[in-house]
Amino acid sequence: MGGYELAFTMRERVAGGAVTIELSGEIDILAEQELGPRLEALAGRRHADLVIDLRGVTFLDASGLRLLLRARNRVARGGGRLRVVRGGPRVSKVIRVVRLEPAFHWLDAPPGLPAALGAPGAAGAPASEASGAPGVPGAPGTATGTPAAPGEDEVTCGPRDGNVPA
């Protein structure tokens, strides 16, 4: 039967006024349902400065694309700014195939982090600088509003059976 594998995670950090959302794993319909409300709350803040980091994403489907587009639209309605850190080749290909590259402002690395550093959680990548976002429902904590470990804001969702193909 095998053990369980995490399907996706979301980590928030605040630096220089921008909220960086580091996504990792499979961003599919389950991720959209679990992370959508938290991401929309952050994106819905007036004049939000939001960065979505896709470097740790291993799978992105139509639901994941919809999640990104909803965040973009919500930020735009609030007069804010959304930037997206490019993901790996598979994620970039999906975005290119559906012709969504022009829909976002793309970065090679999160602001304040050299592009040479690896994906979120890699050696040298900074830990969370602040927990939560003031004035946002569920903060500090995870997308479900439960408290996170001290110094971190991470959502771990969607256990997968090890026998399920990637």
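Given the criteria touching an Asp or Glu at 6+ places or on another chain (Cβ under 6 Å) and at positive phi, does GLY79 qualify?
On the way: touching an Asp or Glu at 6+ places or on another chain (Cβ under 6 Å): no; at positive phi: yes.
Criteria not met by GLY79.
How about region 49-68: which of its residues are over 21 Å from ALA7 (Cβ atoms) and either surrounded by fewer than 22 Cβ atoms within 10 Å (Cβ to Cβ) or in contact (Cβ under 8 Å) with a residue 60 or more places away in the chain (or both)? Working first, answer last.
Start the filter on region 49-68 by keeping residues that are over 21 Å from ALA7 (Cβ atoms), which leaves 49-51.
Scanning region 49-68 gives ASP49, VAL51.
Bear in mind that the values in this text are calculations on the coordinates, not laboratory data. All of these numbers come straight from a predicted model, not from anything done at the bench. For neighbour counting, all protein chains shown are included, and Cβ atoms are generated from backbone atoms with ideal geometry for every residue, glycine included.
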